[in-house]
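First up is the structure itself, then whatever we jot down about it.
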Amino acid sequence: MGLLNNKNAFIFGIANERSIAWGITQALHREGAQIGLSYAGAALEKRVMPLADKIGCKFVEECDVTRDENITQVVEKTKQAFGGIDILVHSIAFAGREELTGPFYNTTREGFKNALDISVYSFIALAKCFQPILNHGASLICMTYYGSVKVAPHYNVMGVAKAALEASTRYLAYDFGPSKIRVNAISAGPIRTLAAAGVGGFRDMYKHFADMSPMRENITIDDVGNAAVFLASDLSTRITGETLYVDSGFNIVGVQIKPDENAE
Ligand code: NAP
């Protein structure tokens, strides 16, 4: 008996088998959820379809979240295919590569708008458009990063976007609360994905994380998937508006000193 039996999940943001959205998809599928998937553009179709096949998912829709008409179409098709949705996952972010290196003050107006539109507003837009087909007790989940609360060099405009995403999570949680629909964010430690490859100095940050986190290890997309199962399931029924860290404890450390390898 899976934790998510009889639940329908719709997941946005699969690019390939390294995507956090794929880790979440596999975990939700393992726990018995029926899955619908969405990817950004035609170029990704050939990568996403084989993944969908692996879990026997027949409902795969293209959706560019900057286009309102794309979102409306996906909601309409989802309604026809599933009726209602219990779990909505937003695992989408974008910022131009030039925004993710050098000083933050070089952020361009266009780059700022783009990053906030795709990485933040899209979550609000999806929540609003899916609202009519969200089942009682539904769970909405988005993906964030610690660069929202502390400076992560080069993360720049994405840090600001993630701060806005976490604030949006709280405001959405407040709006949806009376309908018993929950909205939470997962703050994941660094994982080597397509999106991460665009962040200047990511490789060093990844290594630093493994050295400095209390658990001394990086996290995987499966770790995030398991946390998503918890937030999607009835085990977290009274938890909303929260940011859940899946980061080997990295965020609790105030002063980072390279551990003494010889210490007990
Ligand atoms: P990923 O595999 O590259 O996933 C990002 C997804 O966003 C891609 O599928 C991408 O599609 C999609 N996307 C971009 N613009 C879009 C648009 N206009 N419409 C629809 N989809 C669009 O990378 P990921 O690391 O798994 O990222 C997933 C989420 O986790 C993001 O919110 C990211 O910020 C967050 N996160 C990542 C890390 C990390 O270290 N990797 C840590 C914490 C949080 P395209 O490839 O076509 O652009």
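The values are calculated or read from the model by the stated rules, or taken from the named source; none is laboratory data. These figures come from a predicted structure and were not determined experimentally. Note: ideal-geometry Cβ built from the backbone for every residue, glycine included; neighbour counts use all protein chains shown. For the accessible areas, the whole protein counts, side chains as well, though only heavy atoms, and no ligand, DNA or RNA atoms are used. Shrake-Rupley method; radii C 1.70, N 1.55, O 1.52, S 1.80 Å.
Does at least one position in the stretch 69-91 carry a residue that is near the ligand (Cβ under 9 Å from one of its atoms), open to solvent by 10 Å² or more (accessible area, probe 1.4 Å) and in contact with a helix residue (DSSP H, G or I) (Cβ under 9 Å, 6 or more places away or on another chain)? Walk me through it before giving the result.
The first filter runs over the stretch 69-91 and keeps only residues near the ligand (Cβ under 9 Å from one of its atoms), leaving 70, 90-91.
If we keep only those that are open to solvent by 10 Å² or more (accessible area, probe 1.4 Å) as well, we get 70, 91.
From what's left, in contact with a helix residue (DSSP H, G or I) (Cβ under 9 Å, 6 or more places away or on another chain): 91.
Scanning the stretch 69-91 turns up at least one residue that is near the ligand (Cβ under 9 Å from one of its atoms), open to solvent by 10 Å² or more (accessible area, probe 1.4 Å) and in contact with a helix residue (DSSP H, G or I) (Cβ under 9 Å, 6 or more places away or on another chain).
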Q. Do the conditions hold for Ala21, that is, is it at pLDDT 95 or above and closer than 30 Å to Asp204 by Cα?
A. yes
Q: Being open to solvent by 30 Å² or more (accessible area, probe 1.4 Å) and of a type in the set (Lys, Arg) is the filter; apply it to the stretch 149-192 and report the residue that is nearest to the ligand (Cβ to nearest atom).
A: Arg192
Q. Restricting attention to the stretch 142-163, does a residue exist that is assigned to a helix (DSSP H, G or I) and farther than 24 Å from Leu100 by Cα?
A. no
**Q.** Residue check for Ala21: within 9 Å of the ligand (Cβ to nearest atom) and part of a helix (DSSP H, G or I)
**A.** yes
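Do we have Ala95 as away from the ligand (no atom under 16 Å from the Cβ), of a type in the set (A, V, I, L, M) and crowded, with 16+ Cβ neighbours inside 10 Å here? If you could, list the steps in order and put the result at the bottom.
On the way: away from the ligand (no atom under 16 Å from the Cβ): no; of a type in the set (A, V, I, L, M): yes; crowded, with 16+ Cβ neighbours inside 10 Å: yes.
When the stated conditions are applied, Ala95 does not pass them.
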Q) When you go through (1) surrounded by fewer than 17 Cβ atoms within 10 Å (Cβ to Cβ); (2) in a loop (DSSP other than H, G, I, E, B) one by one for Ile219, which number turns out not to apply? A) (1)
(Q) Of the conditions (1) buried (at least 20 other Cβ atoms within 10 Å of the Cβ); (2) over 30 Å from Lys128 (Cα atoms); (3) within 9 Å of the ligand (Cβ to nearest atom); (4) not acidic (Asp, Glu), Tyr206 satisfies every one except a single condition; which number is it? (A) (1)
